[in-house]
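The values are calculated or read from the model by the stated rules, or taken from the named source; none is laboratory data. If you're wondering where the values come from, they're calculated on a predicted model, not measured in any experiment. Ideal geometry is used to build each Cβ from the backbone, glycine not excepted, and the neighbour counts take in all protein chains shown. Side chains are part of the model used for accessible areas, which takes the heavy atoms of the whole protein and leaves out ligands, DNA and RNA. Shrake-Rupley method; radii C 1.70, N 1.55, O 1.52, S 1.80 Å.
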Amino acid sequence: MRGDAGGYGARRFAVWGATWRDYRRGEGNRARARRGFLTPPDERGRLVWIKAGGTPEEVRLGIELLGAVRDKRQDVRIVLTFEQDYPELFERHMQPFRKVGVGYGPCDRPRVVRRVLERFQPHGILLAGGQAPVNLLQAAEVPVIAVNTEPPARAVPPVVRHWPVDPAGALTWPEAAFEAALAPADPQARFVEAQADVVLRALVGGNVERLWWWHGTSEQWPAWHAAWQASGRGRSDILLASLRGNATEAGLPGADLAVSAWDRSTLAPGAILHLDDRRWFAAAASAAHAVHLAASDRQALWQGLAGGAAVSLGEAPAAALPCPVLGEPTAVLEAWQRLSADPAARRQQGDAARRRFWDERRQVDANFDAVLQQVWDW
């Protein structure tokens, strides 16, 4: 089970080991939460429990569901639990709602599950990412909705709604594990910025002809950097480079400047600007002539499509996208050269990318409405 790595699954020794490590690090609140010693909000009203996973995308999804439920139901209490804390997400996206409790969540051990259900007595449960917790689904006597959640490891009572992230995710859930399924859609399309406030092209200066955005892993970067240097594009253009996941702290070898340290002064042609702050992804997507996602994550993918640039991928996507798959750096740079010489083709690819983004966005909004209608019925 995926959650066992962080001590949030059902395996006894994994849970005990993670709890012991938390106490040693002085994180007793996390250890107690993992064991189910949680307290719901003091106010009155039915309780809705939103159980998020451990990635930034899953916690962000949990926060979004919390806000949507609060807008729909002012009378209920809401508890959001997560497996990993990301303070910057709560600072940016969490409003000071009343009748809301937020904190680390429990593991999926049977005794812990019983303890949490007795303390919360929820009228409904929303799973936001992670793997479907088998013991919780077996013990819960209330409706459960699984949003972008991996399938349970064994047979369980069915959830009332199953919202898969993509067609591949839809196929992984057994038909007996859900009563009804929503159309596949990625909530990250709802969270990215459709319009960028920062006009990056104006900030870098007028001597730069084009901006290009590359996004990948630290392992892929050396080969890409070498190919970029050999291409000669650095004489007139600027490369925006970012890394997947949380790999920003290590820096980017060969980069001239990190965007977090940039004073917004004019950049010289040929500069490599490291996007070590994801809040700049929207500006990069809007300013770039083309985007290559060598190893895309969901935020970078939908932000790239929303920006209206020509987007290429380094690996085949799980969903249908109007993006060519280009594996080698030289193939990407050759494609960029063709786009430089053919503005009409670049606009055509960019328009197709933007339309695909808005198709996904509309489906996500429709799925949110269906989930909230279910919550309203609770």
Quick check: is even one residue across the range 310-325 open to solvent by 50 Å² or more (accessible area, probe 1.4 Å), touching a strand residue (DSSP E or B) at 6+ places or on another chain (Cβ under 8 Å) and part of a strand (DSSP E or B)? yes
Filter result for the condition that a residue is open to solvent by less than 40 Å² (accessible area, probe 1.4 Å) and in a helix (DSSP H, G or I), over 50, 63, 125, 78: 63
Is there any pair with a first residue in the range 253-267 that is outside any loop (DSSP other than H, G, I, E, B) and a second that is acidic (Asp, Glu) whose Cβ atoms are under 6 Å apart and which are 6 or more apart or on different chains, and what are they? 258/276; 259/277; 260/276; 260/277
Would you check which residues across the range 277-309 are on the phi < 0 side of the Ramachandran plot and in a loop (DSSP other than H, G, I, E, B) and list them? 277, 288, 289, 294, 295, 296, 297, 307, 309
For the range 95-122, give me the residue count where each residue is part of a helix (DSSP H, G or I) and crowded, with 19+ Cβ neighbours inside 10 Å. 5
Right, residue 209: closer than 30 Å to residue 340 by Cα, open to solvent by 10 Å² or more (accessible area, probe 1.4 Å) and in contact with an Asp or Glu (Cβ under 8 Å, 6 or more places away or on another chain) or not? yes
Here is a list: 214, 221. Which entry is crowded, with 18+ Cβ neighbours inside 10 Å, among the hydrophobic types (A, V, I, L, M, F, W, C) and within 28 Å of residue 320 (Cβ to Cβ)? 214
Here are some conditions: (1) crowded, with 20+ Cβ neighbours inside 10 Å; (2) within 18 Å of residue 203 (Cβ to Cβ). Residue 294 meets all but one. Which one does it not meet? (2)
I need the full set of residues from the range 150-180 which are touching a residue at least 40 places away in the same chain (Cβ under 8 Å), closer than 11 Å to residue 132 by Cα and open to solvent by less than 50 Å² (accessible area, probe 1.4 Å), in order please. 177
